[in-house]
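All of the numbers you see were taken from the coordinates with simple rules; none came from a lab. As the structure is a computational prediction, the values presented were derived from the model and not from experiment. Reconstructed Cβ throughout: ideal geometry from the backbone, glycine too, with neighbour counts over all protein chains shown.
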């Protein structure tokens, strides 16, 4: 039996999430841009509409086969 190669890459990180609505708690990988720090996430999110700085965990493979990031907290109080 082969191990899932994605099982070892789930981690907590800062990111910029592109989303018009902040009601969701999980986001597909193509909407999330990991960055090195909270400060960088805040600065980069300010550059684009519908982009929000966050602390996330992921990516994790969903039961449907998608890679998702899970929201831990919004960094700008959202």
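Find how much the distance from residue 49 to residue 76 grows on full extension, using 0.36 nm per residue of separation minus their present alpha carbon separation; answer in nm with one decimal.
8.3 nm is the gain from fully extending residue 49 to residue 76.
Would you mind computing, in nm to one decimal, how far apart the modelled labels at residue 10 and residue 40 are, each placed 7 Å from Cα along Cα→Cβ?
Simple spin-label model gives 2.4 nm for this pair.
Using just the helices of the chain, give the 222 nm mean residue ellipticity in deg cm²/dmol: DSSP H runs with n ≥ 4 each add -39,500 (n - 2.57), and the total is spread over all residues, rounded to 500. Write out the running numbers ahead of the final one.
Values: 1 runs with 8 residues, N = 78.
Value at 222 nm, helices only: -2500 deg cm²/dmol.
Suppose we take every Cα in the chain and form the convex hull; what volume per residue is that in Å³? Can you show the working numbers first?
Working: hull volume 6.8 nm³, N = 78.
About 87 Å³ per residue, rounded to a whole number.
So, in nm, how far is label residue 31 from label residue 64 when the simple model puts each one 7 Å beyond its Cα toward the Cβ?
Using points 7 Å along Cα→Cβ, the separation is 1.1 nm.
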